[in-house]
Structures are given as C-alpha cells and as structure tokens.
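Beneath this line is the structure, given in structure tokens, with notes to follow.
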Amino acid sequence: MGQFFTDDIDVLLNSGHGDSERLSKIKADFAAKKLVTIEDRRYVEGLVSRYITPQAQIKPERIVKIPEKRIVPPPPPPTQTAPFELKYKQKPEEEKPIPKIGGKMKTRSMMIAVCAIVAAILAVSYVAMNQDQMSDIDTPVTQSIELDSGSYARGDIVSISGKTKTATSIVKLAISNPGGQEIWTETVNVKSDGIFTTLAIAGGTGWEQAGKYTVSATYSGTVDTITFDFTPSEAN
C-alpha cells in the first residue's frame, strides 16, 4: 500500500479534490510512522474511487468482426453398390428373475400345513356324520372313556370313545391342558347302548405346552377322565 497510497494523495492534492490540509497530514503521518488509521484510509480511498478511478478506466477495445469465409465441402465420393447381405436381428435375451428360495420354501410349508388342517377337518366331519355306521364296525367299547393312542403331536386326530355307566342321552366331553384350562369341549349324543364317539384335532389355542392333557366325560353327575401325552411340535 505504501508508494501507491502516497501517490494517490499527491494526485488528489494536485487535482484539488478533498481537504488538502487533512490529506497533507495523512501523508506526513504515513511517511513518518508507516501507519494510517482506518478512518483516514477510507477517506483517501473514497476520494480516489470518486475522482481518480472513473478517469482511469480504459475504454473497451473495438472488436472488428471479420467476415467468415464460406467453406464449400468437397463432393462425396461415388457410392459403390454393396452385395446384398441378409442380416438377422438377434432378439435380446430377457433376464430371468432369481427365485427367492427362502420365500418359496416358506410358502410351500404354509400350503402343506393348510392342506393338512383341511384334510383333518374333512376327516372329522366325515366321521361325525357316520358315527352310527362306524360304531357297528369298530371294536366294541367297554371302558367308560378311552382314546386310540396314549400320546399325540400337533395336528394329530384324537379319537375319543366310551360307554356311560348310567342311562343318559348326551355327554359333555372336554380336554384340559396341564394348567387345568379347558381348551376343547363338545357335547355328543349317546346311543341306546350307552356308547359315544367323536374326534378332535390336537392343536390350536391352549395347546402350547407339552405334558399330560386330560380328557373328561361328564353326564348325570358322573365325571370319567383319561390322560394322554402331548408334544407341541408337528407330527412327522
């Protein structure tokens, strides 16, 4: 800033712009101390930008536009007749999506489970509709209540049968889990000889525990019971 600053002050003093006394003092202080206050520097710069800089602007050069010459392209070379060539357009191959193994296996398992449940329901319905015919073919019932097996897994069909000790027309059957909660009930009709039969599906709400489950038959103030072992996992 040194030499240019004092030069600007000289130009202002010679041109008579600004306060000559203040400008002279600013120049003397700068020459002695090499320092200038911000207020004095702004004062000088304001005078320079107002009176000196506009005069020192350079006029823009005149641009001479040279006319462009038109370039004429050379004539194209004579075309040669190419022999007839048959081209086959190859159809792009479509990308086949990669099957999701996990989702497919899960869907298949769900379908198998649904089919098993539907088959079990149909079997129960068929047997319930034909209890009279089946009772004549099956082995005679002699116990007050009996099962076709001593253990079951989830999805198995539990066959319940028995013979009442006293005359009655209906029997209330129930299955309770190891916690004593009734998880299945059904009221069945009793034949003239006191025999009753029905079917139940092992599984559903309340069948989460493994252990001893109790089947009870209640009629005319009498309660007959029998137990079986249950596993929550599906049967193989």
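What follows draws every value from the coordinates through simple rules; no lab data is involved. Just so you know, these numbers come straight off a predicted model, no measurement behind them. Positions of Cβ are backbone-derived with ideal geometry, glycine not excepted, and every protein chain shown enters the neighbour counts.
For an R0 of 35 angstrom, estimate the FRET efficiency from the Cβ-Cβ distance between residue 222 and residue 111 and round to the nearest 0.05.
Working from the Cβ atoms, E equals 0.20.
Using square roots of five times the C-alpha gyration tensor eigenvalues, list the equivalent-ellipsoid semi-axes of the range 2-56 in whole Å, biggest first.
After diagonalising the Cα gyration tensor, the semi-axes are 17, 11, 10 Å.
Going by how many other Cβ atoms sit within 10 Å of their own, how do 50, 154 line up, fewest first?
Least to most surrounded, the residues fall as 50, 154.
Under 5 Å between amide hydrogens, which residues at least 5 positions from residue 158 or on another chain qualify, with H placed 1.01 Å from N in the peptide plane?
Under 5 Å from the amide H of residue 158: 200, 201, 202.
Tabulate in residue order the Karplus-calculated ³J(HN,Hα) for the range 215-231, using 6.51 cos²θ - 1.76 cosθ + 1.60 with θ = phi - 60°, rounded to whole Hz; enter x for Gly and Pro.
Coupling constants for the range 215-231: 9, 10, 10, 10, 6, 6, x, 9, 10, 9, 10, 8, 10, 8, 8, 10, 10 Hz.
Measure out, as a whole number of angstrom, how far apart the alpha-carbon centroids of the range 181-236 and the range 1-52 sit.
113 Å
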